[in-house]
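Here's the structure, in structure tokens; my notes come after.
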Amino acid sequence: MLGTLTCTRSDALAAGASFPAIAIAVSVDSDAPSSLLNVAVVSGGNDSDPNNNDDDDPVTVTSTAPPAPQVPVPVDARWALMLMVLAFLALAARQSRRSL
């Protein structure tokens with residue numbers, strides 16, 4: 001479990017305005033539960049309604065395992081070459097019979 005993180009600003013927020021979003025990147029353990037709850041609390045200033053200073057956000061943890069590497073399929077072209085040679089020989093034999 002991650003401890004408390006703090007983000008502090010020294011400038012005032014005007015009524016009805018908002019600050020830019022705060023993004024936090026985390027690494028989740030492979031044995032983390034499938035559902036987590038992020039909680040945010042704000043405080044300070046001349047807040048006239050302290051009852052709206054917190055929020056929570058349920059998060060579903062999904063696996064983002066890297067895709068399996070592509071494995072090249074070995075191709076033995078000798079059989080294809082032999083097949084082409086046999087096909088050309090058969091065509092040549094057929095042509096030589098027609099010309100007789």
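The values are calculated or read from the model by the stated rules, or taken from the named source; none is laboratory data. Keep in mind that this is a model prediction, so the values were computed, not measured. All Cβ positions, even for glycine, are placed from backbone atoms using ideal geometry, and neighbour counts span all protein chains on display.
If you go through region 32-82 and keep only what is more than 21 Å from Ile22 (Cβ to Cβ) and among the β-branched types (Val, Ile, Thr), you end up with Thr62, Thr64, Val71, Val73, Val75.
Checked against the criterion of being part of a strand (DSSP E or B), at negative phi and modelled with pLDDT of 75 or more, the candidates Asp56, Asp11 yield just one match: Asp56. For region 19-42, a tally of residues being within 14 Å of Val59 (Cα to Cα), β-branched (Val, Ile, Thr) and assigned to a loop (DSSP other than H, G, I, E, B) returns 3.
Give the residues of region 59-100 that are assigned to a loop (DSSP other than H, G, I, E, B) and either at positive phi or surrounded by 10 or more Cβ atoms within 10 Å (Cβ to Cβ) (or both), sorted by residue number. Hit for region 59-100 is Val61, nothing else.
Under 7 Å by Cβ, and 6 or more places apart or on different chains, what pairs join a residue from region 1-30 that is within 28 Å of Ser48 (Cβ to Cβ) with one that is in a loop (DSSP other than H, G, I, E, B) and aromatic (Phe, Trp, Tyr)? Taking only residues 6 or more apart or on different chains, the pairs are Arg9/Phe19; Leu13/Phe19.
Of these, Gly16, Gly45, which one is on the phi > 0 side of the Ramachandran plot, in a loop (DSSP other than H, G, I, E, B) and at pLDDT 80 or above? Going through Gly16, Gly45 in turn, just one is on the phi > 0 side of the Ramachandran plot, in a loop (DSSP other than H, G, I, E, B) and at pLDDT 80 or above: Gly16.
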